[in-house]
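Okay, structure first, notes after.
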Amino acid sequence: MKKITNFLTPLAVLVFVGSCLLSIFCLLVVSVRLFGTEDEMPLIFYRSMDIPVVSVAIPLVGIMLFAAILLGLRGKATEAIKPTIIERAATRSASVALKNEESLNKAA
């Protein structure tokens, strides 16, 4: 799982940066149209590249990549916690046994 997480992290960052750049491009197209240029070129380019669909698809891909990375990191954390829990249980049972011996020694 660690290899998958290490492989997906750069892709997720790349998708995130691409999504940000696409948002800036969309903002530029909207602002050019807002300030009243009579040239239809930005809007024609926007429609021909199918930017509305891509601007939805790229963040969805990024969300799925980040979810896969988080699941991989969650698996690592679970594996790291298990030995600690076992060690604590072993020390707890040893301390309980020691207390029982002390109480038996005092009673005798």
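None of the figures in this text is laboratory data; all of them are computed from the coordinates on show. The shown structure was predicted, so the numbers you read here are calculated from the model rather than taken from an experiment. Quick reminder, even Gly has a Cβ in these numbers, built from the backbone with ideal geometry, and neighbours come from all protein chains shown.
Extending 7 Å from the Cα toward the beta-carbon at both residue 49 and residue 13 defines two label points whose distance is 2.4 nm.
In plain terms, the residue of 48, 55 with the fewest other Cβ atoms within 10 Å comes first and the most crowded comes last, giving 48, 55.
Hey, fewest Cβ within 10 Å first, where do 63, 24 land in order? Please list the in-between numbers first.
Values: 63 14, 24 10.
Listed from fewest to most nearby Cβ atoms, that is 24, 63.
For a footprinting-style exposure proxy, rank 26, 20 by other Cβ within 10 Å, fewest first.
On the way: 26 15, 20 12.
Listed from fewest to most nearby Cβ atoms, that is 20, 26.
A Förster radius of 30 Å, combined with the Cβ-Cβ distance separating residue 28 from residue 3, puts the computed FRET efficiency at roughly 0.15.
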